[in-house]
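Below is one structure; the comments refer to it alone.
Laboratory data are not the source of any read-out in this text; all were calculated from the coordinates shown. Source: prediction; values computed, not measured. Here the Cβ positions follow ideal geometry from the backbone for every residue, glycine too, while neighbour counts run over all protein chains shown.
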Amino acid sequence: MQLKLTWKVSGQNRTFDLLVSDEQKIAETLAVLKEKELVQAETADAVRYVRSLRTNHQIPVLLTYKEGNIYSGDILQIETEEEE
């Protein structure tokens, strides 16, 4: 199933919307964002968790969206380990 998610980078005022499969791993999405230069390489490489602003839970990037209970309309914030 396709999910429409909003991504935010902590410390930046930019957001972007993405369509992803619920079977895709969060880390795979981060790799694409890094490749497209939407997220700095250093940030993408340092991320271990994303925060769901809907539930205020940290979700490991090694999970799929389905495993992390992320649903369409969720807002995910990229946080580096220093910010946790």
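Count the net charge of all other residues whose Cβ sits under 15 Å from the Cβ of Leu63, scoring Lys and Arg as +1 and Asp and Glu as -1. Mind dumping the intermediate values first?
Numbers: positive: Lys25, Arg48, Arg51, Lys66; negative: Asp22, Glu23, Glu28, Glu67, Asp74.
Cβ neighbours under 15 Å give a net charge of -1.
Treating the angle as unsigned and between 0 and 90°, give the value, to the nearest 10°, between the Cα long axis of helix 26-35 and the longest Cα principal axis of the chain.
With rounding to tens, the tilt is 50 degrees.
With θ taken as phi - 60° and the coefficients 6.51, -1.76 and 1.60, list the Karplus ³J(HN,Hα) couplings across the range 38-53 in order, rounded to whole Hz; mark glycine and proline as x.
Result, rounded to whole Hz: 8, 10, 4, 4, 4, 5, 4, 6, 8, 6, 10, 9, 10, 9, 7, 6.
Among Ala27, Leu5, Gln77, pick out the residue whose Cα is farthest towards the positive end of the charge dipole of the chain, where Lys and Arg carry +1 and Asp and Glu carry -1 on C-beta, about the Cα centre.
The Cα lying farthest towards the positive end belongs to Leu5.
In whole Å, what three semi-axes, largest first, describe the equivalent ellipsoid of the range 2-72 built from its Cα gyration tensor (square root of 5 times each eigenvalue)? Mind showing how you got there, number by number?
Working: eigenvalues 60, 35, 31 Å².
In descending order, the three semi-axes are 17, 13, 12 Å.
Might you report the magnitude of the Cβ-based charge dipole of the range 29-68 about its Cα centre, with Lys and Arg at +1 and Asp and Glu at -1, to the nearest 20 debye? Don't skip to the answer; put the middle values down first.
Working: 6 positive and 5 negative charges, 48 e Å.
Value, rounded to 20: 240 debye.
Subtract the Cα-Cα distance of His57 and Ala31 from 0.36 nm times their separation in residues, and report this length gain in nm to one decimal. If you can, show how the numbers build up before the last one.
Numbers: separation 26, 0.36 × 26 = 9.36 nm, distance 2.16 nm.
Working it through step by step, the gained length comes to 7.2 nm.
What percent do you get for the relative contact order of the chain when only Cα pairs under 8 Å and 6+ apart count?
Working: 145 pairs, mean separation 31.6, N = 84.
Once normalised by length, the contact order is 38 percent.
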